Ligand SMILES: CC(C)(COP(=O)(O)OP(=O)(O)OC[C@H]1O[C@@H](n2cnc3c(N)ncnc32)[C@H](O)[C@@H]1OP(=O)(O)O)[C@@H](O)C(=O)NCCC(=O)NCCS
């Protein structure tokens, strides 16, 4: 069955959520959400917020970006999460996808990460990708690692001491992979 955006779904607490293919109007909400993630410093490599161009490169240019919106209770909606999907390499290896996920702190543990991950896998298949590779899953990010394993990813390798933590010590990073065939 092929995915057609926007996708309507419900989170574990019954909140309705809408997944949309992101465009211009989603840039500012996504920037605000990614700022929180960079400030947390526990899941993405940026140690300071990227400038406008770097942010667009990281989240939009050459990528498929999907954003999740939930009602804000005042008749509007707020971005609760997002993912990007892109070729991990160009040319002959472009059928290996790479993806990145974020969920706003107040919307975590409600099944949105799982919904975004499952949607990414289905959409990646639909776009013709043959597999998905995560290059840099922080080893301390145990909830993400468990979530990716439950979605079918296997840990391929560990990069020792790849990531500087907020306290100045280093943690490993894990490379995770899933074939879509
Ligand atoms: C990782 C992340 C995307 C997960 O999103 P989420 O919406 O919380 O995911 P889910 O609600 O689908 O949770 C998946 C499972 O992990 C559990 N979980 C997630 N965060 C948890 C936490 N802080 N404490 C305890 N359990 C947690 C959930 O309960 C759920 O388990 P269950 O299905 O058995 O109940 C989100 O925490 C996040 O955005 N973190 C910061 C960015 C990040 O780490 N991105 C991934 C980089 S590899």
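Each reported figure results from applying straightforward, stated rules to the coordinates on display, with no laboratory input. This structure is a prediction, so every number in the text was calculated from the model and none was measured. Neighbour counts are summed over all protein chains in view; Cβ atoms, including those assigned to glycine, are modelled from backbone coordinates with ideal geometry.
Over what distance in Å are the Cα centres of the range 1-33 and the range 42-101 separated?
12 Å
Quick one: divide the alpha-carbon radius of gyration of the range 34-81 by 2.2 N^0.38 Å and tell me what you get.
Rg over 2.2 N^0.38 Å, computed on Cα atoms: 1.36.
Springs between alpha-carbon pairs under 10 angstrom, Gaussian network model over the chain: which of 57, 13, 140 fluctuates most?
13
Can you tell which of 58, 34, 44 shows the greatest fluctuation in a Gaussian network model of the chain with Cα springs below 10 Å?
Of 58, 34, 44, the most mobile in the Gaussian network model is 58.
What distance in nm separates the two pseudo spin-label positions at residue 147 and residue 31, each 7 Å out from Cα along the beta-carbon direction?
2.5 nm
What does the helix-only formula give at 222 nm for the chain: each DSSP H stretch with n ≥ 4 adding -39500 (n - 2.57), the total divided by the residues, and the result rounded to the nearest 500 deg cm²/dmol?
The helix-only estimate for the chain comes to -8000 deg cm²/dmol at 222 nm.
Fewest to most neighbouring Cβ within 10 Å: what's the order for 27, 159?
159, 27
Quick one: plug the Kirkwood hydrodynamic radius of the chain (C-alpha pairs) into Stokes-Einstein at 10 °C, 1.306 mPa s, and report D in µm²/s.
Taking Rh from Cα pairs, D becomes 94 µm²/s.
Semi-axes of the equivalent ellipsoid for the range 71-123, please: Cα gyration tensor eigenvalues, times 5, square-rooted, ordered largest first, whole Å.
With the √(5λ) rule applied to the range 71-123, the semi-axes are 29, 11, 9 Å.
Would you kindly give the portion of the calculated P(r) for the range 88-181 that falls above 19 Å, as a percent of all Cα pairs?
45 percent
Picking from 156, 116, 33, which is most flexible by a Gaussian network model of the chain using Cα springs under 10 Å?
Between 156, 116, 33, it is 156 that shows the largest mean-square fluctuation.
On each of the three principal axes of the Cα atoms of the range 29-121, give max minus min coordinate, whole Å, ordered largest first.
The principal-axis extents, from largest down, are 47, 30, 24 Å.
Once the piece of chain linking residue 170 and residue 135 is laid out straight, how much longer is it, given 0.36 nm per residue of separation minus the C-alpha distance between them?
Result: 10.9 nm gained on full extension.
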